[in-house]
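One structure is given here, and the rest of the page talks about it.
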Amino acid sequence: MGRFTLALDRPLIMGVVNVTPDSFSDGGQFYGAGQAVEHARRLVDEGVDILDVGGESTRPGSSSVTAAEELRRIAPVLEAMAHGAVPVSVDTSKPEVMRAAIEAGAAMINDIYALRQPGALEAVAARDVGVCVMHMQGEPRTMQDDPAYGDVVAEVKAFLDERVAACAAAGIERDRIVIDPGFGFGKKAIHNLELIRGIPALAASGLPVLAGLSRKSVLGKITGRMVGDRIHSSVAAALVAVARGARIVRVHDVAATRDALAVWTAVEAQGMDRNGR
Ligand code: HH2
């Protein structure tokens, strides 16, 4: 992806930088340009592997913003971070934003619409950036009204296979692609749990699976906790996803997730010398 090659030989942490007034997870905390850049720098200090910068909330019921407004929000973070040591992903569905973000140094496009907007496939294919294609049933405004599936894992897998084929047809090489079942995007709690159990089936495609469970409502359903109190359940969810085969976790709480994954990696890879270092 762009200047970067990610080996994926250990689970990677994608840290969320929401430059929005209305995100479900961090409700406008980092909306100002200075706060957003400061937050991104903190995530780098905490050991993030990829920064994911978004200028539009996709929470259930949210309404969209213009491309110009989205770009205005993310531009300061791109300017400050996109030429640094950590790859910057931009969370957008708009081809115009994709093109400008890539021009400004973004190494990856993370699209909850899986490049279905007209011109999106072409915008990504034209450059050597990475891409995350995500499953969503419906659209953010209405997706949680009454999501329904026959076999949720099979349907999500079929959708992702189709989008990966569309990427290939547009000239996007396989080693640039990450797939994501889209936890919380047109899914009830039970669907999210089935999809966690289904990660091995998704990973069987050979493409890296990204899991974004951090602070999501399924964790609130399980624990009874409000969004600001879901750090422990989010870390547990990241760990469970990785144990099932996810290679990238998209999280808000980087330091905590990093420690948890370090333990998992040490156990799995015997990744310590005899002195415990
Ligand atoms: N979840 C959110 C946004 N973007 N992208 C991918 N690939 N996977 C996800 O699960 C995902 C995503 C929602 O979380 P957040 O960014 O915290 O909230 P909001 O959309 O309200 O800004």
Q.
I need the calculated FRET efficiency for the pair residue 236 and residue 62, taking r as the beta carbon distance and R₀ as 30 Å, to the nearest 0.05.
A. 0.70
Q: Using only Cα positions of the range 86-239, each an equal point scatterer, no hydration layer, compute I(q)/I(0) via Debye at q = 0.12 Å⁻¹ and quote the log10 values to two decimals.
A: -0.52
Q) Of the listed peptides 202-213, 246-257, what is their order by residue-averaged count of other C-beta atoms within 10 Å, with the highest listed first? A) 246-257, 202-213
Q) Between residue 222 and residue 162, how many nm apart are label points set 7 Å from Cα along the C-beta direction? A) 2.9
Q) When Rg is the radius of gyration of the Cα atoms in the range 145-212 and Rh is its Kirkwood radius, what does Rg/Rh come to? A) 0.98
**Q.** Net lengthening on full extension, residue 263/residue 190 (0.36 nm per residue, minus Cα-Cα)
**A.** 23.4 nm
Q) For the chain, what relative contact order do you get, as a whole percent, if you take Cα pairs closer than 8 Å and at least 6 residues apart? A) 19
Q | Cut-off 14 Å between beta-carbons: net charge of the residues surrounding residue 171, Lys and Arg +1, Asp and Glu -1 | A | -1
Q. For the chain, with equal point scatterers placed on the C-alpha atoms only and solvent neglected, what are the log10 I(q)/I(0) values from the Debye formula at q = 0.08, 0.09, 0.13 1/Å, to two decimals?
A. -0.29, -0.37, -0.82
Q. Could you name the aspartates and glutamates in cross-link range of residue 188, using Cα to Cα under 12 Å and dropping any fewer than eight places away on the same chain?
A. 145, 146
Q | Magnitude of the charge dipole, the range 12-268, Cβ model with Lys/Arg +1 and Asp/Glu -1, debye to 20 | A | 440
Q | Loop-located GluC sites (Glu not before Pro) in the range 122-200 whose Cβ has at most 14 other Cβ within 10 Å (DSSP) | A | 173
Q: Give the ranking of 52, 22 by solvent-accessible surface, highest area first, calculated with a 1.4 Å probe.
A: 22, 52
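The values are calculated or read from the model by the stated rules, or taken from the named source; none is laboratory data. In this text, all values refer to a predicted model and were calculated from it rather than measured experimentally. Every residue, glycine among them, receives a Cβ derived from its backbone with ideal geometry; neighbour counts consider all protein chains shown. Side chains are part of the model used for accessible areas, which takes the heavy atoms of the whole protein and leaves out ligands, DNA and RNA. Shrake-Rupley method; radii C 1.70, N 1.55, O 1.52, S 1.80 Å.
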